[in-house]
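All remarks here apply to the structure that follows.
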Amino acid sequence: MGHAQKVFDKMSEPNTASWNTLFRGYSHVEFYWDIVVLFARMNHDGALPNCFTFPMVVKSCAKVNASREGKQVHCLVVKYGFISNSFVGTSLIDMYSSWGSIGDAYKVFAEIPQKNVVAWTCIIVAYISYRDMLSARRLFDVAPERDVILWNTIVSGYIEVGDMVAARELFNKMPNRDVQSWNTMLNGYANNRDVESFEKIFKEMPERNVFSWNGLIGGYARNGLLSDVLESFKRMLVEGKVLPNDATLVTVLSSCSRLGALDMGKWVHVYAERIGYKGNLFVGNALIDMYAKCGVIEKAVDVFNHLHKKDIITWNTIINSLAMHGNAADALSLFDRMKHAGVKPDEVTFVGILSACTHMGLVRDGFTYFQSMVDNYSLVPQIEHYGCMVDLLGRAGLLKQAVNFVRNMPVKPDAVIWAALLGACRIYKNVEIAELALTHLIELEPKNPANFVMLSNIYKDLGRWEDVAKLKVAMRDTGFKKVPGCSVIEVNDGVVEFYSLDERHPETENIYRALRGLTILLRSYGYVPNPGNVA
């Protein structure tokens, strides 16, 4: 655009087409304020705008929230006689509605003499964005022409406000439903956590595209049905009519990471590269996260190093992953690389950096990084960052400093912060601060018996059995039991969950026989179980 501007500036008398070309160029690179400034220059030079000029300028005023300039442009639209042009009119409707001026948007709509279906859709979208479905529906009912886009728009409006009954009634009345209509309802049910309904819609669909499959797979993911995500993806590949896109692959890889399904994740990695997504930024970010959460940090680093394009999410994912795996020195080294690459860190970055300092016991460095958030990057520390600092001080054995830090925090400490302090007290056998932490935890999480277990273990370590008994009574009085630990293992292309003393699996007898054999083998090598953490 710099070269284009120089060429334009050398033109003695640029015509309207030349101005429009320059506006279009700046619009492509999203330099909207430049368009507003250039239009003022165009108007000053006496060049006449046309019906192609105004929509670009009006859109730019909306994008940069230039309300005064936008109203001036509106005056020029009227002056030059373009208010009857539907394209110019709809751009003005969009502009006013983006500012929340729904009354002005309707006035523009009313002034358009020949309202086509685009204008009707535009004003209805304006009311939907204002969450005024009553007005939107009234306009829809009197619209002289209603194409499939307008039908989809009003159905989407009801979905956005959570009225699935009205959305379904309109969907059933829709005369010419296309695949987008079905996808709209599918995503509506998925977003409203109605699994049975979105499964039913998917089965009824006469035609499916990649967005249909993404709606089904994404719906399962949003509802925590991660095994169904993988099964649906396999079914999509078996049917073979539609290829997945990067959004599909990201959702599947995210489910693999949450399930610990490493083998499936590896297969998706190979498949993604085979169908042309090698080096794709979104897939790459998901792969880094998947490998890290499945315990293969070396592979996560390898994917990171082979990505030619990296965004803030890429850097944050690898830095946090390295910190999570205890590779704190590598995390801090990558943070330096990130800064040298010209990428500005955000709040998520510093969670990883402070966690890395915690793992290495770098108290002074941790405080330096914490302060740099404000001093160097104008970032306001959030509760997560304060939690990292409390954890850093606690693990370093600086429990009194940690308590003082918590008391001086500008935000109210949450249960995570007090739990981190309680965990540190277990390491350093500090009963006094542990009891203080438990007092606050009982206020914040009165129904969580796990907090009692932590203090009970401290009492056990110190041989204070009477206090252990009192805590067990207090824990029993809450009426809630500690949620048992859950293990997830990938077996034969599937994922199986196990709880302590779980007997639901059809192969339970064989599983426990194998477990007893492993226990005998371990003890033959001198292994002695430590039940100290069991309560």
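The values are calculated or read from the model by the stated rules, or taken from the named source; none is laboratory data. Keep in mind that what you see is a predicted model, and the values were worked out from it rather than measured. When we count neighbours, we look across all protein chains shown, and the Cβ atoms used for this are built from the backbone with ideal geometry, even at glycine. All accessible areas refer to the heavy atoms of the entire protein, side chains included, with ligands and DNA or RNA removed. Shrake-Rupley method; radii C 1.70, N 1.55, O 1.52, S 1.80 Å.
I'd like to check something: does segment 180-199 contain any residue that is crowded, with 18+ Cβ neighbours inside 10 Å and within 19 Å of ASP94 (Cα to Cα)? No, segment 180-199 contains no residue that is crowded, with 18+ Cβ neighbours inside 10 Å and within 19 Å of ASP94 (Cα to Cα).
Put simply, of ALA62, ALA47 the only residue that is small (Gly, Ala, Ser), under 29 Å from GLU111 (Cα atoms), in a helix (DSSP H, G or I) and in contact (Cβ under 8 Å) with a residue 12 or more places away in the chain is ALA62. Looking at SER321, SER372, just one residue is crowded, with 18+ Cβ neighbours inside 10 Å and out of contact with any Ser or Thr (no Cβ under 8 Å at 6 or more places or on another chain), and that residue is SER321.
Is it fair to say LYS234 is within 18 Å of ALA272 (Cα to Cα) and of a type in the set (Lys, Arg)?
Values: within 18 Å of ALA272 (Cα to Cα): yes; of a type in the set (Lys, Arg): yes.
Yes, satisfied.
Pick from segment 409-446 the residues that are within 17 Å of ASP461 (Cβ to Cβ) and not hydrophobic (A, V, I, L, M, F, W, C): which of them is modelled with the lowest pLDDT? Filtering segment 409-446 for residues that are within 17 Å of ASP461 (Cβ to Cβ) and not hydrophobic (A, V, I, L, M, F, W, C), the one modelled with the lowest pLDDT comes out as ARG426.
Annotation: GLU298 fulfils all but one of (1) surrounded by 15 or more Cβ atoms within 10 Å (Cβ to Cβ); (2) modelled with pLDDT of 95 or more; the unmet one is (1). State whether one or more residues within segment 418-426 are more than 22 Å from SER372 (Cα to Cα), out of contact with any Gly (no Cβ under 8 Å at 6 or more places or on another chain) and open to solvent by 20 Å² or more (accessible area, probe 1.4 Å). Within segment 418-426, one or more residues are more than 22 Å from SER372 (Cα to Cα), out of contact with any Gly (no Cβ under 8 Å at 6 or more places or on another chain) and open to solvent by 20 Å² or more (accessible area, probe 1.4 Å). Of everything in segment 254-268 that's touching a helix residue (DSSP H, G or I) at 6+ places or on another chain (Cβ under 6 Å) and open to solvent by less than 40 Å² (accessible area, probe 1.4 Å), which residue is nearest to GLU497 (Cα to Cα)? The qualifying residue nearest to GLU497 (Cα to Cα) is LEU259. (1) under 30 Å from the mean Cα position of the chain (by Cα); (2) at pLDDT below 90; (3) of a type in the set (Gly, Ala, Ser): which one isn't true of ALA126, the others all being true? So ALA126 meets the others, but not (2).
Evaluate segment 456-465: report whether one residue or more is within 27 Å of the chain's Cα centre (by Cα) and assigned to a helix (DSSP H, G or I). It would help to see each step written out before you state the result.
If we filter segment 456-465 for residues that are within 27 Å of the chain's Cα centre (by Cα), which is where we start, we get none.
Within segment 456-465 (the criterion being within 27 Å of the chain's Cα centre (by Cα) and assigned to a helix (DSSP H, G or I)), the answer is no, since none of the residues qualifies.
Among the residues making up segment 204-220, those that are of a type in the set (D, E, K, R) and over 17 Å from PHE233 (Cβ atoms) are GLU204, GLU207. Total residues in segment 81-104 satisfying the condition of being at pLDDT 90 or above, within 14 Å of ALA119 (Cα to Cα) and open to solvent by 20 Å² or more (accessible area, probe 1.4 Å): the figure is 2.
In this structure, PHE8 does not qualify as open to solvent by less than 20 Å² (accessible area, probe 1.4 Å) and under 37 Å from the mean Cα position of the chain (by Cα).
Do you know which residues across segment 182-206 are aromatic (Phe, Trp, Tyr) and part of a loop (DSSP other than H, G, I, E, B)? Result: no residue meets the conditions.
With respect to TRP120, determine if the residue is open to solvent by 10 Å² or more (accessible area, probe 1.4 Å), aromatic (Phe, Trp, Tyr), closer than 21 Å to ARG146 by Cα and touching a helix residue (DSSP H, G or I) at 6+ places or on another chain (Cβ under 8 Å).
On the way: open to solvent by 10 Å² or more (accessible area, probe 1.4 Å): yes; aromatic (Phe, Trp, Tyr): yes; closer than 21 Å to ARG146 by Cα: yes; touching a helix residue (DSSP H, G or I) at 6+ places or on another chain (Cβ under 8 Å): yes.
For TRP120, the condition - open to solvent by 10 Å² or more (accessible area, probe 1.4 Å), aromatic (Phe, Trp, Tyr), closer than 21 Å to ARG146 by Cα and touching a helix residue (DSSP H, G or I) at 6+ places or on another chain (Cβ under 8 Å) - is met.
Checked against (1) assigned to a helix (DSSP H, G or I); (2) free of Cβ contacts under 8 Å to residues at least 12 places away in the same chain, MET11 passes all but a single condition, namely (1). Just to be sure before I move on: is VAL268 more than 18 Å from the chain's Cα centre (by Cα) and under 29 Å from TYR189 (Cβ atoms) in the structure I sent? So VAL268 fits the description; yes.
Within segment 50-59, which residues are part of a helix (DSSP H, G or I) and either out of contact with any Phe, Trp or Tyr (no Cβ under 8 Å at 6 or more places or on another chain) or open to solvent by 50 Å² or more (accessible area, probe 1.4 Å) (or both)? Listed by number, the residues that qualify are VAL58, LYS59. Inspection of segment 239-253 finds a residue satisfying the criterion of being in a helix (DSSP H, G or I), modelled with pLDDT under 95 and either touching a Gly at 6+ places or on another chain (Cβ under 7 Å) or surrounded by fewer than 15 Cβ atoms within 10 Å (Cβ to Cβ) (or both). Scanning segment 226-238 for residues that are surrounded by 15 or more Cβ atoms within 10 Å (Cβ to Cβ) and out of contact with any strand residue (DSSP E or B) (no Cβ under 7 Å at 6 or more places or on another chain) yields LEU226, ASP228, VAL229, LEU230, SER232, PHE233, MET236.
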